[in-house]
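Okay, structure first, notes after.
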Amino acid sequence: MAARSGKALFDLGEKVALVTGASSGLGRAMATALASVGCQVILAARRVDKLQEAEKEISELTGDPNLISHVEADLMSPDGVNRLADYCLGLER
């Protein structure tokens, strides 16, 4: 059986995913995988420099800079959680 690309197996073009810990490791890998199948991805992490780097890399990989956005948020603090929630709720408007 021939292997199929992720795009052929999944179409997440109408979905939005929030990926925390997205600046490195598994979070970054998950964000890349989701974007590669058409999902709009919000990257969230504490290190804004790493978030910007991930956003640029994923945008170049997918060829669609509109799929990726980021928000700096430390989810250990109430302010960080509120910042992330405000950002996500703002996408609905």
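The values are calculated or read from the model by the stated rules, or taken from the named source; none is laboratory data. Please read all numbers here as calculations on a predicted model, not as lab measurements. Ideal geometry is used to build each Cβ from the backbone, glycine not excepted, and the neighbour counts take in all protein chains shown. Note: accessible area is taken over every heavy atom of the protein model, side chains too, but ligands, DNA and RNA are not part of it. Shrake-Rupley method; radii C 1.70, N 1.55, O 1.52, S 1.80 Å.
Convert 25 °C to kelvin, take the viscosity as 0.890 mPa s, use the Kirkwood radius over C-alpha pairs of the chain as Rh, and evaluate the Stokes-Einstein diffusion coefficient in µm²/s, rounded to a whole number. Intermediate values should be presented prior to the final figure.
Values: Rh = 13.5 Å.
This corresponds to a translational diffusion coefficient of 182 µm²/s.
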Next on the checklist: Can you list residues from other chains, or at least 5 along the same chain, whose modelled amide H is less than 5 Å from the amide H of residue 39?
Outcome noted: 12
Item to check | HN-Hα J in Hz across segment 39-51 - Karplus 6.51, -1.76, 1.60, θ = phi - 60°, x for Gly and Pro | outcome: 6, 6, 10, 9, 8, 9, 5, 7, 9, 4, 5, 6, 5
Item to check | Whole-percent carbon and sulfur share, accessible surface of the chain, 1.4 Å | outcome: 54 percent
Checklist entry - Using a simple charge model, +1 on the beta-carbon of Lys and Arg, -1 on the beta-carbon of Asp and Glu, nothing else, what dipole does the chain show about its Cα centre, in debye to the nearest 20? => result 240 debye
Checklist outcome for this item: When the chain is treated as a Gaussian network with springs between alpha carbons less than 10 Å apart, the largest mean-square fluctuation among 59, 77, 36 is found at 77
Next on the checklist: Using the basic label-point model (7 angstrom from Cα toward the beta carbon), what is the residue 47 to residue 89 distance in nanometres?
Outcome noted: 3.1 nm
